[in-house]
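Computed from the coordinates by the stated procedures, all read-outs in this text should not be read as laboratory data. The model shown is predicted, which means the values in this text are computed figures rather than measured ones. Cβ: placed from backbone, ideal geometry, glycine included. Neighbour counts: every protein chain shown.
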Amino acid sequence: MLADLLSHRGVIAVLYTVTVLSGLAWLGLQIRASMRTTEEAPSATAQRDDWWWLRWLAMVAFVGAWAIVTVRSARGVPFRVPSMTLLVTGVGVASIQWFNVWFVVWPGLRFGAARARARSVATLRLNAAMTVPVIFFFFASEFATKFGGEGRWIPASYWVATVAAYGAMHGVALIAPKTTGVCLRSLPVRLLVGLGLLGTLAAM
C-alpha cells in the first residue's frame, strides 16, 4: 500500500485529490464570501473564521496545482498540446485568484481605506466570476488526456486572447472598482461573465 502511494501514479493521485478537494472548497468559500462582503461592513466579514480557511485553502490549491503542472512537464508533456494548455490555463487563472485573495482582497478589507475596500470587493466578485473557467479548464485537461487530442498544437493566438481577456478584466477592476463591484453584484451576472470568458477563448 505504501509502495503504491510512493509510486509515480500514487504521487499524482494524491496531488490531484488534495488539489481538487482544497480547490473546490476554496472556490465555494470564495463565492460565499463574494455574496457577503460589502464596502460598508468589510472588517466584520474579514474577521470571520472562513477567511482563514479561504486563504489557506487557496495556498494549498495553488501549490498543488503548480506541482501537477511540474510533474506533467517533467514527464515530457509539451505545453502546446491541448491537455497541458487547458491545465496551464486553469492553473494560471487560479493563480490570479490566489494572488487577489492574499495581496488585494484580504489586506484591503482588513486595513485599507475606502478605495482599497472598494477594490477588494470588486476583485473578490471578479474572482467569483473566474471560478467558472478555473473549474472548466482544470477538468477539461483530464478529458483531453483521456480522450485524445494530444496530436494537435494550440496556436499562439489562444495565449494572446487569454492574457488580453483576463488582463482587461483586471484592468477595469483596478481602474473602476466601484463600477465593477456594482456590475458584478449579482451572482448570476458573475457566472455569465465567467461563461463569457470561456466563449471568448473557445473562439480561438
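Just a few scattered comments:
- Computed from backbone phi with θ = phi - 60° and the Karplus coefficients 6.51, -1.76 and 1.60, the 3J(HN,Hα) list for the stretch 75-80 is 7, x, 6, x, 6, 9 Hz; x is used for glycine and proline.
- Full extension of the chain segment joining MET59 with ARG32 gains 7.9 nm, where the gain is 0.36 nm per residue of separation less the Cα-Cα distance.
- Derived scalar couplings between HN and Hα for the stretch 158-170 equal 4, 5, 4, 5, 4, 4, 5, 5, 6, x, 5, 4, 6 Hz in order, rounded to whole Hz, by the Karplus curve 6.51 cos²θ - 1.76 cosθ + 1.60 (θ = phi - 60°), x for Gly and Pro.
- SER157-THR179 pseudo-label distance in nm [points 7 Å out on the Cα-to-Cβ vector]: 2.9
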